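Encoded as structure tokens, the structure appears first; notes follow it.
The values are calculated or read from the model by the stated rules, or taken from the named source; none is laboratory data. Just so it is clear, the model here is predicted, and its values are computed rather than measured. A quick note on method: Cβ atoms are made from the backbone with ideal geometry, for glycine too, and the neighbour counts reach across all protein chains shown.
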Amino acid sequence: MIFILVAQTLVNGIQIGAMYGLIAVGLSLTFGVMKILNVAHGEFLMVGGYIAFWLFTLYDIDPLWGLPLIAIALFLLGAAFYQLLFSGLTKFHEEIKMKNTLLVAFGLFLIFPQIARWLWTADERAITPMYSGESFPILGIQCGYVPLCGLVMAVVVILGLHLLLTKTYFGKSVRGTTENWKSAKLMGINVERTYLITFALGAALAGLAGVLVGMTQTVTPDMGMPWTIKALIVLVLAGIGSVGGAFFAGIILGVVESVSAIFMGPYTVALGMGIFLLILMFRPQGLFGKA
Amino acid sequence: MGKRKEAKLASNWKQLSASGGIIGLLVLVPLITTRTDVITWFYLTLLYIALSQSWNLIGGYAGQLNLGHAAFFGAGALAARYIWLHFGLPLPVAILGGGLAATIFAMIIGLPAFRLKGIYFVIGTLVLAEILRLVFYTILPEADVMPMKLLGTYSLIPRYYLSLLIAVLTVVIIYWISRSRLGLGLMSIREDEDAAEASGVDTQRYKLLAFTISTFLAGLAGGIYAYYSAAFRAGGLFEPVWTFDAVIIVFVGGVGTIVGPIIGSVFFVLLKQILSLYLPGGIHVAVFGVLFIIVVLFLPGGLIELMTKFRKRTSVGEHLH
């Protein structure tokens, strides 16, 4: 009996954690490559969730089939916002760039929820296809279809991202730009385009995560900030800029949260944040970062 | 040299008498009108002036983007409310207690966070306020309502004067700091922390001092709200809007200036009231968000810069400090 409880908790934790990881990876990518802390990351997630909701309720498109559409839509949205607002700031000195892009993202974070409230009202929305809520047993552990799909999707997306970054020319340009954008530029890499695509990719990842959130929890206009904070926590746990670490840190946070939920009840969220503050103070390079 | 000094004195005198005139008029407001909406409007503006000015010290002058200011506002408000209503001590004690509580709190929790630099400081403060919000919504879930006896004799006028007093106090303190050695040191930290350190500014001590004063003033601003609000939920005091309103007011008004947050607050409250007549609530935040982005991208001096451009004043140096 106790084994089942423990195993069930772990499974739940891993499934939630994969979602956390997926959200944090996008944020980590934009910060790692361009030193832009996109506090509007959760807002892109919200938009992704709402598009999936629209596709599902208006056109009866299954959210899982809608994933590519949503990724493309968010990619374009991210590219547009980057071009419009952020591209002018990348030429500045690093510290000024970091501060000003943070402020612009903060401005977006203020605007998005209001527009969403106007477009979609403040009602809580959920995407509920036929199979949501159904589960199947393995060794006495209940495993939901939707969380399992989420886990599979997160793993696939992150593997894809990993291959993109390590095996392609684009990945090479991203890694070169991350290390030293000036040298990269001198070597003939189109840094501007790399930035544009990276930012858009970050937004697309947030949108995909938004679909998962919409299927397992709810979509509201104000959901952006809590998810941004969650992503920031994972980011700091992993070490800022570590893309692969972000995914594992997400899973760790998910497991810690679901285990502590048994003992701590409503204080679980605060626990995650408390751990985060401790890490920030004593190991600012993160769990997976280099000292 | 003597002539310049004289001109500066004259300009100081002009500034002083202008501020004195404005404060005098503000003192007269409740005598001129009895309309509660007008007094509430003035009260809100003054509350925002106190709150945004306190943020301005750490965020504007020292350049440390504190996205968890609500933590200190909330700590001050909650402590003041408890000291005043639940322990039954006199109001001035409660307000001061609120300020002190915010500072002590900043020392305990904020101090380690303050060792963090740059981006880590931003994330750390943001999450700190969020933890408090969640914890207080959980441990104090019920609304804190003023007792019937107090509600029966509730009057806006003392609330208004308290907000006036604290707003003026805050502005004076920040003005004084901005002209002192401390202010100069803070601005040098904002421009380039390493260079400041190299030129002999004790950056850690200066930042800490600014943080202490800033949180104390935020706690006092919390006291205004604790005295005013008939009912609130403890978690609501730590809502991120308290931080974000202060940040956008400071930036739209003019970051790192004395007049900026004042103009920003007047504009913010005015826009909030006007827009809420015609549009769904909260849309003023979106408008201010757009203004905020425009300011960050194209007008780093905020409304103040715009106004001085219009007035075409020749003494540029004075506004650049």
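Table for the structure above
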read-out: Pair list, Cβ < 8 Å and 6+ apart or interchain, from region A:150-176 residues that are more than 24 Å from A:GLY254 (Cβ to Cβ) to residues that are outside any helix (DSSP H, G or I); value: A:SER173/A:ILE189; A:SER173/A:ASN190; A:GLY176/A:MET187; A:GLY176/A:ILE189
read-out: Scope region A:45-72; condition in contact with a Pro (Cβ under 6 Å, 6 or more places away or on another chain) and buried (at least 19 other Cβ atoms within 10 Å of the Cβ); matching residues; value: A:ALA52, A:PHE56
read-out: Only one of A:LEU64, A:LEU10, A:LEU5, A:LEU85 that is at pLDDT 85 or above and assigned to a helix (DSSP H, G or I); value: A:LEU85
read-out: Selection status of A:LEU165, touching a Leu at 6+ places or on another chain (Cβ under 9 Å) and either farther than 29 Å from A:PHE112 by Cα or modelled with pLDDT under 85 (or both); value: yes
read-out: Subset tally (residues that are touching a Ser or Thr at 6+ places or on another chain (Cβ under 7 Å) and among the aliphatic types (A, V, I, L, M)) for region A:164-193; value: 4
read-out: Qualifying helices (runs of 4 or more DSSP H) (wholly inside region B:217-298; at least 3 residues being within 17 Å of the chain's Cα centre (by Cα)); value: B:240-253, B:259-278
read-out: Residue list for region B:125-168, filter: of a type in the set (A, V, I, L, M), under 20 Å from B:ALA79 (Cα atoms) and within 14 Å of chain A (Cβ to nearest Cβ); value: B:LEU128, B:ALA129, B:ILE131, B:LEU132, B:LEU134, B:VAL135, B:ILE139, B:LEU140
read-out: Among (1) in a helix (DSSP H, G or I); (2) buried (at least 20 other Cβ atoms within 10 Å of the Cβ) - the single one A:PHE75 does not satisfy; value: (2)
read-out: Pick from region A:102-122, criterion within 7 Å of chain B (Cβ to nearest Cβ) and surrounded by fewer than 19 Cβ atoms within 10 Å (Cβ to Cβ), ranking: modelled with the lowest pLDDT; value: A:TRP118
read-out: Elements of type helices (runs of 4 or more DSSP H) contained in region B:18-119, each with 1 or more residues being touching a strand residue (DSSP E or B) at 6+ places or on another chain (Cβ under 9 Å) and either within 30 Å of A:LEU277 (Cβ to Cβ) or more than 14 Å from chain A (Cβ to nearest Cβ) (or both); value: B:69-81
read-out: When residues of region A:83-93 are limited to those that are closer than 17 Å to A:THR177 by Cα and more than 10 Å from chain B (Cβ to nearest Cβ), the one surrounded by the most Cβ atoms within 10 Å (Cβ to Cβ); value: A:THR90
read-out: Qualifying residue in region B:179-186 (condition: of a type outside the set (A, V, I, L, M, F, W, C) and under 15 Å from the mean Cα position of the chain (by Cα)); value: no
read-out: Among the residues listed as B:PHE244, B:PHE251, B:PHE268, the single one being within 12 Å of chain A (Cβ to nearest Cβ) and either under 17 Å from B:ALA62 (Cβ atoms) or buried (at least 24 other Cβ atoms within 10 Å of the Cβ) (or both); value: B:PHE251
read-out: Matching residues, region B:276-310, being under 16 Å from A:GLY88 (Cβ atoms) and without any contact (Cβ under 8 Å) to a residue 12 or more places away in the chain; value: B:ILE293, B:ILE294, B:LEU297, B:PHE298, B:LEU299
read-out: Residues within region B:226-241 that are buried (at least 24 other Cβ atoms within 10 Å of the Cβ) and either polar (S, T, N, Q) or more than 23 Å from A:GLN114 (Cβ to Cβ) (or both), tallied; value: 1
read-out: Evaluation of A:GLY78 against (1) under 20 Å from the mean Cα position of the chain (by Cα); (2) farther than 24 Å from B:PHE244 by Cα; (3) not hydroxyl-bearing (Ser, Thr, Tyr) (one fails), failing number; value: (2)
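Residue-wise test of (1) of a type outside the set (Phe, Trp, Tyr); (2) assigned to a helix (DSSP H, G or I).
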| site | (1), (2) |
| --- | --- |
| A:ASP222 | yes, no |
| A:PRO226 | yes, yes |
| A:ILE229 | yes, yes |
| A:VAL234 | yes, yes |
| A:GLY244 | yes, yes |
| A:PHE248 | no, yes |
| A:VAL256 | yes, yes |
| A:VAL259 | yes, yes |
| A:MET264 | yes, yes |
